[in-house]
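I have placed the structure first, in the form of structure tokens, so that the comments after it can refer back to it.
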Amino acid sequence: MAITSPAAPDPWVWGDPGHTRYMGPQVYTFLSRAEYDRQLGVTSMTDYRDYFKSDWQRLHVTAADKYYVLRNVK
């Protein structure tokens, strides 16, 4: 899956009326089972594994946090 999103300082984050929420790199942490295993009980990350069953691996994130490439892990 390839995702594009305006980065936080980009004026289009909130300048486009179709954008209703900011999706920064932290959001994609919730798609990874490995990140849950690493962070649960150590950080304040909420456990959504009972509600979201997919597992995605980040293959690429640009330095500006605008482009993401994820792979579904089966």
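Can you give the net charge of the other residues whose Cβ lies under 12 Å from the Cβ of residue 47, counting K and R as +1 and D and E as -1?
Around residue 47, the charge tally is -1.
Please report the antiparallel percentage of DSSP beta bridges with both residues in the chain, rounded to the nearest 5. Could you put the intermediate results ahead of the total?
Values: 8 of 9 bridges.
Expressed as a percentage, antiparallel bridges in the chain total about 90.
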How far apart, in nanometres, would the label points at residue 64 and residue 44 be if each is projected 7 angstrom from Cα along the Cα-to-Cβ direction? 3.1
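Based on the mean of other beta carbon atoms within 10 Å per residue, what is the order of 42-55, 25-38, most packed first? All intermediate terms of the calculation are to be shown ahead of the outcome.
Values: 42-55: 10.1, 25-38: 15.1.
Those peptides, ordered most packed to least, come out 25-38, 42-55.
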Can you give the three extents of the C-alpha atoms in the range 1-41 along their principal axes, from longest to shortest, in whole Å? 36, 23, 15
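Nothing charged except the Cβ atoms of Lys and Arg (+1) and of Asp and Glu (-1): what's the magnitude of the dipole of the chain about its Cα centre? Round to the nearest 20 debye.
On the way: 9 positive and 8 negative charges, 52 e Å.
The dipole of the chain has a size of about 260 debye.
Values in this text are rule-based calculations from the coordinates and carry no lab data. Every value quoted in this text rests on a predicted model; they were computed, and no experiment measured them. FYI the Cβ positions are ideal-geometry reconstructions off the backbone, even for glycines, and counts take in every protein chain you see.
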